[in-house]
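To start, the structure itself, in structure tokens.
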Amino acid sequence: MYRGIRDDGVRLVVKMLKLDYPSPGELTRYRQEYKITRSLNVEGVIKAYSQQDYQRTLVIILEDFGGSP
């Protein structure tokens, strides 16, 4: 997990798979996680902004609500 700020000033969390070469099953699970999170429009549930390819893996861009792990 990484924190960042978009060009428009919105604070983000970038969630990345730890593996450099995730298996097809892990990629499928990660895509499903994004789709489910993105579909939830419930107060108190973090918002998923996008999913992107990054090098040989995927990242999910989430809202940063200021919490800590």
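For the Cα trace of the range 2-63, dividing Rg by the Kirkwood Rh returns an Rg/Rh value of 0.99.
May I ask which residue of 12, 27, 65 lies farthest towards the positive end of the charge dipole of the chain, with charges of +1 (Lys, Arg) and -1 (Asp, Glu) on Cβ and the Cα centre as origin? Positive-end residue among those listed: 27.
Assuming charge only on the beta carbon of Lys and Arg (+1) and of Asp and Glu (-1), the dipole of the range 2-63 about its Cα centre is about 100 debye to the nearest 20.
Values quoted throughout were computed directly from the atomic coordinates according to the rules given, and no laboratory measurement underlies them. Bear in mind that the values here come from a model prediction, so they are computed numbers and not experimental data. Glycine gets a Cβ as well: all are built from the backbone with ideal geometry, and neighbour counts include every protein chain shown.
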